[in-house]
Amino acid sequence: MKTLYVSDLDGTLLRKNETLSSYTIKTINALTSSGMLFSYATARSLNTAKKVTEGLNTHLPLIIYNGAFVKDNITEEILIANYFEEDIYEVLRDLFAHEIYPIIYSYQDNVEKFSYIAAKATSGMQAFLNSRKGDKRTNIVTTESELMYGDLFYITCIDKPEKLEPFYHKYKNKYHVVYQQDIYTGEQWLEIMPQKASKAQAALQLKQKLECDRLVVFGDGKNDIDMFKIADEAYAVENAVSELKAVATGIIGSNENDGVAKYLQKISISKSTVL
């Protein structure tokens, strides 16, 4: 029976300092070299995901932007893409009318960009943008129309909870919307994606593409709940939010204690013993 293992990154595979331990890298690399099918699903772009997972030999396609894209990790070719329809412009105008100016991810002339109006950036946005200094995708604009240019696929709002929460309730049934605090800064985020874009959908598509029989997933946050619900087995790390633990098959060690790698190692040893 062929099994695909998919892990979230931040708060799950990555430690608090946004790095992988040498144990996790060594263990997963050894397991994948022996034939284990392992990938990850993250809200990050491929660009930043690759930086924080340096040293990890993941040759399978990767789920990025919370499932908006599945990309080949070697060629970086887009294998699965989910873009917004034109009705997203009405949502954006609604946000602008309430003084919310998000970071908008898009493809412009086949080039990936994230656009924002510098003069409208909140302190939380600025902190995030500072962590992306030098990123070739950076696109600073000055007008709302420039902000909405291109083929849009991901919207990130970082602002006060009282400003963002009403929009979560307003649009959560029409789009794939994630409303949660950033695990590193504590800032409130509202992320809006196309309805078809989700870790769950992307994981199922990847499972089918690789002709796997089972899907086993790992996570820590609210944005992993959809993926947990469709998996054959789903394991929450010890530091996961209570909402995720409630729908998990079981609880494993924390991200600081190599919970995912140790579980995968345990499973591998167990299978070897059976054989």
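The values are calculated or read from the model by the stated rules, or taken from the named source; none is laboratory data. Note that the coordinates shown come from a computational prediction; the quantities given were computed from them, not determined experimentally. Cβ placement follows ideal geometry from the backbone for every residue including glycine, while neighbour counts extend to all protein chains displayed. Side chains included, ligands, DNA and RNA excluded: accessible areas come from the protein's heavy atoms. Shrake-Rupley method; radii C 1.70, N 1.55, O 1.52, S 1.80 Å.
For region 246-265, indicate whether the set of residues that are hydrophobic (A, V, I, L, M, F, W, C), in contact with an Asp or Glu (Cβ under 8 Å, 6 or more places away or on another chain) and either closer than 19 Å to Gly67 by Cα or open to solvent by less than 40 Å² (accessible area, probe 1.4 Å) (or both) is non-empty. Yes, the conditions are met somewhere in region 246-265.
Each row is one residue, and each column tells you yes or no for (1) open to solvent by 30 Å² or more (accessible area, probe 1.4 Å); (2) aromatic (Phe, Trp, Tyr); (3) closer than 22 Å to Tyr179 by Cα.
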{"position": "Gly219", "(1), (2), (3)": "no, no, yes"}
{"position": "Lys222", "(1), (2), (3)": "yes, no, yes"}
{"position": "Asp226", "(1), (2), (3)": "yes, no, yes"}
{"position": "Asp232", "(1), (2), (3)": "yes, no, no"}
{"position": "Asn239", "(1), (2), (3)": "yes, no, yes"}
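Taking the criterion of being within 20 Å of the chain's Cα centre (by Cα) and open to solvent by 80 Å² or more (accessible area, probe 1.4 Å), the only residue of region 137-165 that qualifies is Asp151.
State whether the residues of region 193-209 include one that is within 27 Å of Asn17 (Cβ to Cβ) and more than 16 Å from the chain's Cα centre (by Cα). No, region 193-209 has no match at all. When residues in region 38-60 are screened for being touching a residue at least 60 places away in the same chain (Cβ under 8 Å) and farther than 17 Å from Arg132 by Cβ, 4 of them pass. Does Met193 meet the test of being at pLDDT 95 or above, farther than 30 Å from Ala30 by Cβ and open to solvent by less than 70 Å² (accessible area, probe 1.4 Å)? Yes.
Among the residues of region 17-73, the one identified as under 25 Å from Phe114 (Cα atoms), assigned to a strand (DSSP E or B) and open to solvent by 10 Å² or more (accessible area, probe 1.4 Å) is Lys71. In region 229-258, the residues that are of a type in the set (Asp, Glu) form Cβ pairs under 8 Å with partners that are open to solvent by 60 Å² or more (accessible area, probe 1.4 Å), at six or more places apart or across chains, as follows: Glu233/Thr249; Glu238/Ile251; Glu238/Asn257; Glu243/Lys222; Glu256/Arg15; Glu256/Lys16; Glu256/Asn239; Asp258/Tyr23. If the condition is being touching a Phe, Trp or Tyr at 6+ places or on another chain (Cβ under 6 Å) and without any contact (Cβ under 8 Å) to a residue 60 or more places away in the chain, then region 192-228 contributes only Gln195.
Within region 150-176, residues that are among the acidic types (Asp, Glu) reach partners that are in a loop (DSSP other than H, G, I, E, B) with beta carbons closer than 6 Å, at six or more positions or on different chains, in the pairs Asp151/Tyr83; Asp159/Ile100; Asp159/Thr122.
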